[in-house]
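A short write-up of the structure that comes next.
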Amino acid sequence: MAIKITGTGCYIPENVTSNRDFLKHEFFQADGSLFTVTNETIIEKFQSITGISERKYAKNHHNASDLATFAAERAIDDASIDPEQLDYIIVGHNFGDVTHGQNQSDMLPALAARVKHQLGIQNPSCVAYDLIFGCPGWVEGLIQAQAFIKAGMAKRCLVIGAETLSRVVDRNDRDSMIFADGAGATIIEEIKGDGGLLSHNTATYTTDETYYIYAGGSYCNPKNDNTQYIKMEGRKVYEFALSHVPQAMKDCFDASGQQIEDLKKVFIHQANEKMDEAILKRFYRLYRTQMPEDILPMNIQTYGNSSVATVPTLFDLVRKGQLKDHKLNKGDVILFASVGAGMNINAITYQL
């Protein structure tokens, strides 16, 4: 028997915002002063580092729980299961539902409860809860679902990552260009066969790193209001990730008993193109080998960083042959990995 992903689905919003849409923004530094360089220069440097040329934003009448429900419906259909047979619904997110035009986060009831309601599930034994774990939330949800199944507490779980970061960005912060919206969902259950979740690793760093990603005020705040936006210490996040993520991935992969030459794909949180490439190069350097050219599927260039939704979204696209030059086959060994607010790091070795 193996604990495996039997269905996937994602929802990518249709509203596209290109880098050119930021040309008329006023970008301020953290001290409240305007940048002295032009927006053209800011945007050009931003794209060269992150790889992002456009991102997707949710429609005004959709919230994170709606995107999560759309992705869940597709995963349920893909797995050909009766949703009434779900034992757990776990939704990873960071800001809850933030209605368009407002700036207040709404997490009561939990997004997982809202998803269960929208799916029309009547079974009270289907437990629905949220997981606030930063960008690694979906990966951690998968780890928790596996634990429930191994403990005999569940047979089938729905794990979702969903976010509408476009609702919590500071338009006067150049980092606002990174963030996007989306949702990815997976069905995980124990079935006959080999493979599945082979190993996992999770770590939380809360000394100097705790507030590298946080909620804070606008960089341009003449009214001195209390509105909170997603903020991050970009350079510190970058250095933290490069220092800790490669070893965490190696520890996870080594625990699986697999050989590095058998690793086919690495699905890493789509945070920053250059950062992800640097993490993978350091990971392979730990094995004294070169990073294979086709190991790292990426969609950040046109999808942006949708936080907890990036990994399940990317996996669904590749699994269904919808990302150019990348495909998966039965028996392939892959690695999921993420890093984000907390600061949290996690990884899973998985065999299809």
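Quick note: the coordinates plus some simple rules give every number you see, no bench work behind them. Just so you know, these numbers come straight off a predicted model, no measurement behind them. Positions of Cβ are generated from backbone atoms using ideal geometry, with glycine treated the same way; all protein chains shown enter the neighbour counts.
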Between Thr99 and Thr302, what's the calculated FRET efficiency when r is the beta-carbon distance and R0 is 22 Å? Round to 0.05.
0.25
Taking only Cα atoms, what is the 0 to 90° angle, nearest 10, from helix 310-319's long axis to the longest principal axis of the chain?
50
Please give the net charge around Lys327, taking every other residue with its beta carbon less than 15 angstrom from that of Lys327, where Lys and Arg add +1 and Asp and Glu add -1.
+1
To the nearest 0.05, what FRET efficiency results for Thr207 and Arg288 with a Förster distance of 25 Å applied to their C-beta separation?
0.20
Tell me whether segment 2-195 comes out rounded, prolate or oblate; compute the Cα gyration tensor, take square roots of the eigenvalues as a ≥ b ≥ c, and use a/c under 1.5 as the rounded threshold.
prolate
Angle in degrees between helix 234-256 and the longest Cα principal axis of the chain, rounded to the nearest 10
10
Report, to the nearest 10°, how far helix 39-50 tilts away from the longest principal axis of the Cα atoms in the chain, using its own Cα long axis and a range of 0 to 90°.
20
How high is the relative contact order of the chain, given as a whole-number percent (alpha carbon pairs under 8 Å, six or more residues apart)?
25
Whole-Å distance linking the alpha carbon centroid of segment 177-237 with that of segment 251-326 is 17
In deg cm²/dmol, rounded to 500, what helix-only [θ] at 222 nm does the chain give when every DSSP H run of at least 4 residues adds -39500 (n - 2.57) and the total is split over its residues?
-9000 deg cm²/dmol
Please give the net charge around Ala64, taking every other residue with its beta carbon less than 13 angstrom from that of Ala64, where Lys and Arg add +1 and Asp and Glu add -1.
-3
State, to one decimal in nm, how far the label point of Gln47 lies from the label point of Glu261, with both points 7 Å from Cα in the Cβ direction.
4.1
Neighbouring Cβ atoms within 10 Å as the yardstick, rank Met275, Met291, Met232, Met249 fewest first.
Met291, Met232, Met275, Met249
Within segment 1-142, what is the number of lysine pairs with alpha carbons under 23 Å apart, leaving out pairs fewer than eight places apart on the same chain?
6
Assign one of three labels to the chain, namely rounded, prolate or oblate, based on the Cα gyration tensor with a ≥ b ≥ c the square roots of its eigenvalues; rounded applies when a/c is under 1.5, prolate when it is not and a/b is larger than b/c, and oblate otherwise.
oblate
Of all GluC sites (Glu not before Pro) in segment 223-331, the ones in DSSP coil with at most 15 other Cβ atoms within 10 Å are Glu293
Exposure proxy check on Ile43, Ile345, Ile121, Ile191: fewest-to-most Cβ neighbours within 10 Å is Ile191, Ile121, Ile43, Ile345
Obtain the nm distance between the two label points defined at Glu40 and Lys274 by a simple spin-label model: each point lies 7 Å from its Cα along the Cα-to-C-beta direction.
2.1
Give a quick list of trypsin sites (Lys or Arg not before Pro) in segment 268-318 that DSSP marks as loop, anything other than H, G, I, E or B, with at most 14 other Cβ atoms within 10 Å.
Arg288
In terms of the Cα gyration tensor, with a ≥ b ≥ c the square roots of its eigenvalues, is segment 280-352 rounded because a/c is under 1.5, prolate because a/b exceeds b/c, or oblate?
rounded
Rounded to the nearest 5, the percent of antiparallel DSSP beta bridges in the chain equals 75
